[in-house]
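Everything on this sheet refers to the single structure shown next.
The values are calculated or read from the model by the stated rules, or taken from the named source; none is laboratory data. The structure displayed is predicted, hence computed values, not measured ones. Cβ atoms come from the backbone with ideal geometry, glycine included; neighbour counts cover every protein chain shown. Remember, those area values only see protein heavy atoms, side chains included, never the ligands or the DNA or RNA. Shrake-Rupley method; radii C 1.70, N 1.55, O 1.52, S 1.80 Å.
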Amino acid sequence: MTEFTHRPVLLEECIQGLAIRPEGVYVDGTLGRAGHAREVAARLTTGRLIGIDRDQAALDAAPGRFGPLMERVTLVHGNFRDIPEILDRLSIVGVDGILLDLGVSSPQLDDASRGFSYSKDAPLDMRMDQSQTLTAADIVNTYDEDELRLILSRYGEERYSPRIAAAICRRREERPIETTLELVDIIRSAMPAAALREKQHPAKRSFQALRIAVNDELGAIADTMEAVIPRLNPGGRLCVITFHSLEDRIVKTAMAQAARGCTCPPEFPVCVCGKTPQVRLTPRKPIIPSADECGENPRARSAKLRVCEKCQPVTI
């Protein structure tokens, strides 16, 4: 029952942002529990929803979550960065909306065996797509100290990254680091007492950094933002939910660049570049969850939704 009572983050805001047309074609690039996707499919008549996920387990569970709505849905095992190639395989030229929820899905966090959680013991895995080879254990046990420090600093914004990287390298000289709680103990041992008294779990930033590195999350977001806007039909909407500043910065910058028209230097008397805006921001600022939603779902607190709409082609 909990599978169906789970409320996705910013659900109503996403549905409004997509401006769904019953006959339209929509893509959910991060299907997960299909909470957003079910609401999209429920508003379609002759339209179609393409549901994509890297996690085969999410796709296996999807028919039960969609129920009779499944007749309007096509499921694809893949990475959202491959949306253009997936649409090509399906002979779809343009779509009317794309939704990306960049948060790690609750089943992945809650399944101890997946190794995403710093509060449950499990093998150091963290792969969203379990068919890929690189795991968190590979990174922790084989990357050199400078590489580890850079990952922790860049992707986790961990201010104690040099100390943690050094501690990891010392421990793995004794034996391989194989489980999540082993790594948590190493992180704790490397941090000063004052840091351990902070409200945030001491391993949170490091685990975030390793998850991002294992799954190349930031690279996938940057590639996707560049690739999917051209596949939107005029008036089509792109909705992206981010959960930390690194993701949001990429999405914000990409949308702002796509919404920018002329790139000529300001001293030019007339435009010579001929560039026009690809999208308009709807709205210009990110949408954040209400206080009520944050109270009901603590995971929503850091969420931001950004929406843009494909511009109509300019005719001369």
> Under the definition of Cα pairs under 8 Å and six or more residues apart, what whole-number percent is the relative contact order of the chain?
Replying inline: 17
> Can you give the FRET efficiency for Leu196 and Val272, using 1/(1 + (r/R0)^6), R0 = 51 Å, r = Cβ-Cβ distance, to the nearest 0.05?
Replying inline: 0.30
>> Could you compute the net charge surrounding Thr276? Neighbours are other residues with a C-beta less than 13 Å from the C-beta of Thr276; K and R count +1, D and E count -1.
In response: +4
> How many lysine pairs does the chain hold where the Cα atoms are under 18 Å apart and the two sit 8 or more places apart or on different chains?
Replying inline: 7
> For the chain, modelled as a GNM with alpha-carbon contacts under 10 angstrom, which of Gly24, Gly274, Gly64 fluctuates the most?
Replying inline: Gly274
>> Given the DSSP H assignment, sum -39500 (n - 2.57) over each helix run of at least 4 residues in the chain and divide by its residue total; what's the result at 222 nm in deg cm²/dmol, nearest 500?
In response: -12000 deg cm²/dmol
> How much net charge surrounds Leu10 when only the other residues with a Cβ under 9 Å from the Cβ of Leu10 are counted, with Lys and Arg +1 and Asp and Glu -1?
Replying inline: -3
> Ignoring ligands, DNA and RNA, what percent of the accessible area of the chain is carbon or sulfur (1.4 Å)?
Replying inline: 51
> Taking a probe of 1.4 Å, how large is the accessible area per residue of the chain, in Å²?
Replying inline: 48
> Between Glu198, Glu71, Glu226, which gets the highest mean-square fluctuation from a Gaussian network model of the chain, Cα cutoff 10 Å?
Replying inline: Glu198
>> Testing the spin-label approximation: label points 7 Å from Cα along Cα→Cβ at Ser131 and Cys262. State their distance in nm.
In response: 4.9
> Hull surface divided by four, with the convex hull built on the Cα atoms of region 86-244: how many nm²?
Replying inline: 10.9
> Which value, in Å² and to the nearest 10, is the accessible area of Ser290 when all protein chains are kept and the probe is 1.4 Å?
Replying inline: 60
> Spin-label point model (7 Å from Cα, Cβ direction): what's the Thr253 to Gln312 distance in nm?
Replying inline: 3.3
